[in-house]
1. Using the Cα centre as the reference, give the magnitude of the dipole from point charges on the C-beta atoms of the range 571-627 (Lys, Arg: +1; Asp, Glu: -1; all else neutral), rounded to the nearest 20 debye.
2. ASP230 versus TYR104, label points 7 Å from Cα toward the beta carbon: distance in nm?
3. What trypsin sites (Lys or Arg not before Pro) in the range 131-200 are in a loop by DSSP, with at most 15 other Cβ atoms within 10 Å of the Cβ?
4. Answer rounded, prolate or oblate for the range 1-155, using the Cα gyration tensor with square roots of eigenvalues a ≥ b ≥ c: rounded when a/c is under 1.5, else prolate when a/b is larger than b/c, else oblate.
5. Using the Kirkwood radius built from alpha carbon pairs, what does the Stokes-Einstein equation give as D for the range 179-218 at 10 °C and 1.306 mPa s, in µm² per second?
6. Rounded to two decimals, what is the ratio between the C-alpha radius of gyration of the range 517-660 and 2.2 N^0.38 Å?
7. Which of the trypsin sites (Lys or Arg not before Pro) found in the range 603-680 are in a DSSP loop and have at most 12 neighbouring Cβ atoms, other than their own, within 10 Å?
8. To the nearest 10 Å², what's GLU333's accessible area with a 1.4 Å probe?
Amino acid sequence: MNLFTDASEQHMQPLAYRMRPQDLSEYIGQEHIIGEGRLLRRAIQADQLSSVIFYGPPGTGKTTLARVIANTTKSHFSTINAVLSGVKELRQEIEEAKNRREYYQKRTILFVDEVHRWNKSQQDALLPWVENGTFILIGATTENPYFEVNAALVSRSRIFQLTRLDEKDLYAIAQQALSCTDRGYGSYSITFEDGALEHLVSIAAGDARSLLNALELAVETTPERFPPEDPAQEIYITREAAEESIQQKAVLYDKEGDYHYDVISAFIKSIRGSDPDASLYWLARMVQAGEDPKYIFRRMLISACEDVGMADPQALGVVSAAAAAYDRVGLPEGRFHLTQAVLYLSTAAKSNSSLGFFTALKQMEQETDGEVPNHLKDGSRDKKGFGHGNGYLYPHAYTDHWVTQQYLPTAMQGSVFYQPSDQGYEKQIRTQVEQRREAQLEGALTEPYPEILTFSPANTQREKWLERLISDRGAVQDTVRTRIFSQLKLQRHSRVLVLEQGRGMLVWEACRHTPEGGVSVICRKESLTREIIGYAAQLPELDRPHIITAADDHLQQLFGDRDLFDAVIGQHAFTRVADKLQFARELYALCSEDARLSLCEIIPRAGQRLSELCRDPKHRRLLEAAELLIYRDTANCMVNFDEQSLIDVLRAAGFRHVSSSAQQLDEPRRITSKDIDTWLNASYRPVIEAADLQLLEQVREQLKKQYDGQIIDWRIIQCFITGDLQDS
C-alpha cells in the first residue's frame, strides 16, 4: 500500500491483511517466543536480529511477525515469496544488498516466505550471502525446517516454532478487529447472537487468518448493503450467519510433510498407550485426509509385534486378517476392518519384549568371544575328526521335551535378552522361562571360580584419602546444580530467575538451557555482580543475562508487572533473609502460572556442631548448652529455620505441591586456630555466662591442640525444595 491509497481502496483489502499488527504492542499470541523478556523480542527492540526461521501452521503469525520486524528495524527490508520467485530474483536482491552494504553501510533483512518451496540449489544460492552477512535471513515455513530446509541454513539460523493460537488469543484478535476504527469495524455497531462469535473462534481452530476472513464475511454480508448508509445502524450477526461464514476447517495433513509423520506417530503412540479413543481419533484424521490405508495397516503390523508382541500372540494374526479383508473389500466398507484392527491393538495386553533382539544384536557387535559351543556345532562332517556335536542332549528325549544345557557362547553365559512381561499370555509363561533360565545357568557353571592371587587388609584411612583426591568441592557443586535443574522442565524459550550466592554456577547452566528465553540474576553483593558481568561480557549482547544487585529482600520493585518467570532457582537464597515469608511472597509474585521453584538450602540446625568435636564431657556440655541458646534465637536469620519451616513459609506464600529432600554431605574441611577463635568469639562467647568464661578458654586451647591444621569430615545437611503455582 502506498501513501496515496485512500480509505476506500484500503477497505478493499481483506480484513486479515488490514489487521496485521504494525508493531509488537499489537501482536497477539506466541508468548513463548515474543513475550516480555524473550530473546526474539529483545532482538527486535534492539534492532539486533540475526538470521531466523519461523516454523508453524498457517495463520499463526509468521508473515505478520516478519512485517512487525520490517516496521521496527532500521535495516532495509526485502521480501521474496519462494513460490513465485527463483534464483533470478534472488540474484537481483543480492546485488542491491551488496550495494547498500558497500555504499551506505546499511544492512539488509531478506524475508523469504514459504522458504521450503525452494529446491536445494536455490537454497544453496542463498547460503554464502547469509554466511558473509550480506543478508540477515528471515525464513517462514509450514514444514519442519529440519527436514525441508538445507542443514547449512538451519545451522546458521535460530529456529522459532509458532503454535496454533488458543481461543483466548483468537477472541483478542476478533475484538481488536471489531474495535479498530482505522483498519477494522470500530466505526460500526456490531453485536453477536449468543454463541455466534464462539462458533467462529472454535471452527477457526487456532488460525487467525481463517477467523478474520470468516468475521469479514459475516459482517459484510449481514446487512443489505455494506457499509450501511447510517454508521449507527446495528449489524446483528446471528448464529446461522456465523455458521455460513465459516465452513468446517480442512484437516491439516500433508502426506509428504511433517504433519504426516506427526499424526502417524500420535496414532502409534496412542495404540501403545492403550487408549482406544485417541487411536480412533488419529485413525479418523488420517482416513479423512486421504492417507493410504495400506500404509496404516503396515504400521499396525509393526505395532502388533513391537508393542503387543508375546503378551497377545494373536494380535499379529488379527491385523493380518484385517489387512487381507480390506484388500478384498476396499473403501468405504474397509473402514470397519481398519477400526477392528485398531481397537484390538489398543485394548490388547502390551509387551515390548521383542526388543530383546536389538539388545542381543548390540551385544553381538561388542562381544570378543562368540565361539559356538562344541556340543552345538554341526557334527555331520567332522564329528570323528574334531568331535563336533559331542555331548549334545536331544530335548525331545527328555520329560517335557526340555533338558538343562548350555546354548549361549561360554563368554556370554548369564546374558539375558528376553524379559517376559506380566501381561496377557506372557504372564502365563514368565515363571517357566525364569525357572528354566536359572536351571540353564546353574548347569552351565562348570568352570571353577578364579583363584585369588593377591590380598591386602582394608585400610580405611587410605580409602578416605583416595576419595578426597578424586572428589572436591567442585564435584559437590556439580551435584547441587544437577539436582536443582533436574526438578525443572525448562524449555529453550523459558525465562529463569536466578538467586545467585556463588560465582555463577547456576547462571551459566540456566543460559545453556534457555538460549531463546531470558535469564535474570539477583546478586547480594556488588563484588559478585561485577564478577558475573565480567564473565557475561564474553557472550553476545543478546545472550547475556540481566544482572541486578539487590542487597535487600524486596524483589518486585526490580521488575515490571509483565516480567514473570517460568522458573526460580537458587542456592542458599533464604539464608540471610530476615523476613522469610515476605521474601517468599515476593518470589511468588514474580512467577508465571506455570512456574516452578527449585532451591537448595543448607540447614545449620541439622549440620555439624562444635560440641561434637569435644572429647572432654565437661567441655562438650558447655558447648551444647550454648548451642541450645544459639539455635533458639528467632532473631538470627542464619539459624532460625529448618527444612519444615521453609516448606511452611513457601506454602503460606501461595506455592503448591511444596516438597523437599534432605541430603547429608561429609565435606573435607581443614580446621585452623583462626576458625576456632572466630566460632567461639562470634557465636559461643555471647551466650555463655561469665562464670563459665574460664572454662570456655580451656575449650579453646584444647580444640586448637587437637584440630589446628587437621582435615576433618564436616557434616552439612542441605535440602532440595521444589514447588509450583498449580492447584492440581
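1. Numbers: 10 positive and 9 negative charges, 83 e Å.
Result for the range 571-627 is approximately 400 debye, rounded to the nearest 20.
2. Each label point lies 7 Å from its Cα, and together they span 5.2 nm.
3. Loop-located and lightly packed - ARG156.
4. rounded
5. Working: Rh = 10.9 Å.
Stokes-Einstein gives a translational diffusion coefficient of 146 µm²/s.
6. Rg over 2.2 N^0.38 Å, computed on Cα atoms: 1.30.
7. Values: sites: ARG605, ARG609, ARG615, LYS618, ARG620, ARG621, ARG632, ARG651, ARG656, ARG669, ARG670, LYS674; in loops: ARG609, ARG615, ARG632.
Sparse-neighbourhood loop trypsin sites (Lys or Arg not before Pro): ARG615, ARG632.
8. Accessible surface of GLU333 is approximately 90 Å².
The values are calculated or read from the model by the stated rules, or taken from the named source; none is laboratory data. All figures in this text were calculated on a predicted structure; none of them were measured in a lab. When we count neighbours, we look across all protein chains shown, and the Cβ atoms used for this are built from the backbone with ideal geometry, even at glycine. For accessibility, only protein heavy atoms count, side chains too; no ligands or nucleic acids. Shrake-Rupley method; radii C 1.70, N 1.55, O 1.52, S 1.80 Å.
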